[in-house]
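To start, the structure under review is shown below, and the notes come after it.
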Amino acid sequence: MTRHFLDIHKTDAAELRAMIDAARAMKTARDGRPRGMPDDDQPLAGRMVALIFEKPSTRTRISFDVGVRQMGGQTMVLSGADMQLGHGETIADTARVLSRYVDLIMIRTFEEATLLEMAEHSDVPVINGLTNRTHPCQIMADVMTYEEHRGPIDGKKVVWSGDGNNVFASFAHAAGQFGFDLTFTGPETLDPEPAWFDWCAAKGHPITVERDPDAAVTGADLVVTDTWVSMHDPQSARERRHNQLRPYQVNEALMARAKPDALFMHCLPAHRDDEATSAVMDGPHSVIFDEAENRLHAQKAILRWCLGV
Ligand code: CP
Ligand code: NVA
């Protein structure tokens, strides 16, 4: 069966754990060598990977490209707009065609339905590089980053302050799969999807909602936020969102409520001094650039899992 990496809640928890462990081992094995130097193991030798972007990207684009190359594979980075995909060819036909040329497809797109249709009709593994609804590769890197700094994440208190968006959704899935306690603090109008509350509750890790950010962050092991306006949000909503989310900015006063050794995460790109202040982003709790680096290592493990190599 073709192994797609579509979402954290759709992937077996033991396999997710194995991917995190593999990512850490691969990171250690590189032992600080130059980025362009291949890994000792070349599990992707002879493999061709298509990286398709219907939205902008810095981290996802570059970390997948570098990761595939370090493991001996080749990549082609494609813009959805430049393909027939952007001019009316169906997703299903695109998937069938790409399956004749490449060994794996990573796609960043808008609607989740596009990702799912690609996976349904592809004979090769498909990886979710972000949709309007979820961002699983990011949170695999975030779990890896937390554990690198502080040990096992299970049982820890993770607080999300801000918009209940696609990155939050994948944190919710990770809470259920890796066993941490997740609190959401944000305005009711920007609550996460009800489906994620139901899923986490069924997994025995119900999401806590606390409207007061100070109360929410008290005793946190990890504080996380993201942009107030995502790529799929209409620009016309920008001012309203900023007004609603300003009380949930992660600043030094809010971080002071967390445990003294709490970490701060942001998937980036950030709008400095909106959702988080520069003092926090560049401060002692912040691990934002480790998160960015770990995209590379976590995705290498995801690629290997998908290809069974
Ligand atoms: N965090 C993240 O996915 O960044 P990019 O949009 O730059 O890929
Ligand atoms: N929530 C953001 C994440 C970007 C990596 C977005 O979807 O634009």
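Scanning the range 175-200 for residues that are out of contact with any strand residue (DSSP E or B) (no Cβ under 8 Å at 6 or more places or on another chain), among the charged types (D, E, K, R) and away from ligand 2 (no atom under 15 Å from the Cβ) turns up GLU188, ASP198.
Each residue in the range 62-81 was checked for being free of Cβ contacts under 8 Å to residues at least 40 places away in the same chain, buried (at least 17 other Cβ atoms within 10 Å of the Cβ) and within 16 Å of ligand 2 (Cβ to nearest atom), and 1 pass. Within the range 48-71, the set of residues being more than 23 Å from GLU111 (Cα to Cα) and out of contact with any strand residue (DSSP E or B) (no Cβ under 7 Å at 6 or more places or on another chain) comprises VAL66, GLY67, GLN70, MET71. For the structure I just gave you, tell me whether ARG295 is buried (at least 19 other Cβ atoms within 10 Å of the Cβ) and of a type in the set (D, E, K, R). Yes.
Only helices (runs of 4 or more DSSP H) whose full extent lies in the range 218-309 are considered here, and the ones with at least 3 residues that are within 16 Å of ligand 2 (Cβ to nearest atom) and within 24 Å of PRO56 (Cα to Cα) are 238-245, 288-307. Out of the residues in the range 40-60 that are among the charged types (D, E, K, R) and touching a residue at least 40 places away in the same chain (Cβ under 8 Å), state the one that is surrounded by the most Cβ atoms within 10 Å (Cβ to Cβ). Filtering the range 40-60 for residues that are among the charged types (D, E, K, R) and touching a residue at least 40 places away in the same chain (Cβ under 8 Å), the one surrounded by the most Cβ atoms within 10 Å (Cβ to Cβ) comes out as GLU54.
Mind listing whichever residues of the range 21-39 are farther than 24 Å from PHE178 by Cβ and surrounded by fewer than 17 Cβ atoms within 10 Å (Cβ to Cβ)? Write out each step before concluding.
Narrowing the range 21-39 to residues farther than 24 Å from PHE178 by Cβ: 30-39.
Answer for the range 21-39, where residues must be farther than 24 Å from PHE178 by Cβ and surrounded by fewer than 17 Cβ atoms within 10 Å (Cβ to Cβ): ASP31, GLY32, ARG33, PRO34, ARG35, GLY36, MET37, PRO38.
Taking the conditions (1) within 30 Å of GLY80 (Cβ to Cβ); (2) more than 13 Å from ligand 2 (Cβ to nearest atom); (3) in a loop (DSSP other than H, G, I, E, B); (4) of a type in the set (A, V, I, L, M) in turn, ALA172 satisfies each one other than (3). Residues in the range 36-79 that are away from ligand 1 (no atom under 16 Å from the Cβ), among the charged types (D, E, K, R) and either more than 18 Å from ALA95 (Cβ to Cβ) or part of a strand (DSSP E or B) (or both): ASP39, ASP40, ASP41, ARG69.
Among the residues of the range 147-174, those that are closer than 20 Å to ASN251 by Cα and in contact with a strand residue (DSSP E or B) (Cβ under 7 Å, 6 or more places away or on another chain) comprise LYS157, VAL158, VAL159, TRP160, SER161, GLY162, GLY164, PHE168.
Only the coordinates and a few stated rules stand behind these numbers; no lab work does. These numbers were taken from a predicted model, which means no experiment stands behind them. No Cβ is skipped: glycine too gets one built from the backbone with ideal geometry, and neighbour counts run over all protein chains shown.
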